[in-house]
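One structure below.
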Amino acid sequence: MADFLALAASLLAAMLVLLLVILYRLSKKLASMQAELVGIASEKKSLEVKHGSAWEKFVPFMKGFPYDKTRFRFLGTPIDGIAFEDDKIVFVEIKTGKSKLNNNQHRVKELVEKKKVEFDELRF
């Protein structure tokens, strides 16, 4: 009976060691997969930005653009451009997909809405 208990204890210890080794390897694999996922998410975001940037260049020339394309000027940042109309000047931000205004763009929008816009003529 003592031999059986010793054998059972040895098998249990071996199984415990094997389980710990398996858990260690799984944790390493999980960490590797998490790092890979972060890289993929970063690459996806980069592609989304490039996609949006490409669209910004074409939208003013597409049917349905509400402003005169010959009087639209690209800025790039913090907003995409300005449309110069006969009776108004419009700050234009072009978005694709689910993209939203960033903090800087929100600030520009708020300043325009509060009429905190000026014209300054500089001479040198």
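Of the cross-linked pairs LYS57/LYS114; LYS57/LYS95; LYS50/LYS95, those separated by over 18 Å at the C-alpha level are LYS57/LYS114.
Length available on full extension from ASN104 to VAL90: 0.36 nm per residue minus the Cα-Cα distance, which gives 3.3 nm. Taking Cα atoms, how many degrees apart are the long axis of helix 103-113 and the longest axis of the chain, rounded to 10 and kept between 0 and 90? Once rounded, the angle reads 30 degrees.
Between helix 2-58 and the chain there is an angle of about 10 degrees, using the helix long axis and the longest principal axis of the Cα atoms. For the chain, the share of alpha carbon pairs falling in successive 5 Å distance bins from zero is 2, 8, 11, 13, 11, 8, 6, 5, 5, 4, 4, 4, 4, 4, 3, 3, 2, 2, 1, 1, 0 percent.
Only the coordinates and a few stated rules stand behind these numbers; no lab work does. As the structure is a computational prediction, the values presented were derived from the model and not from experiment.
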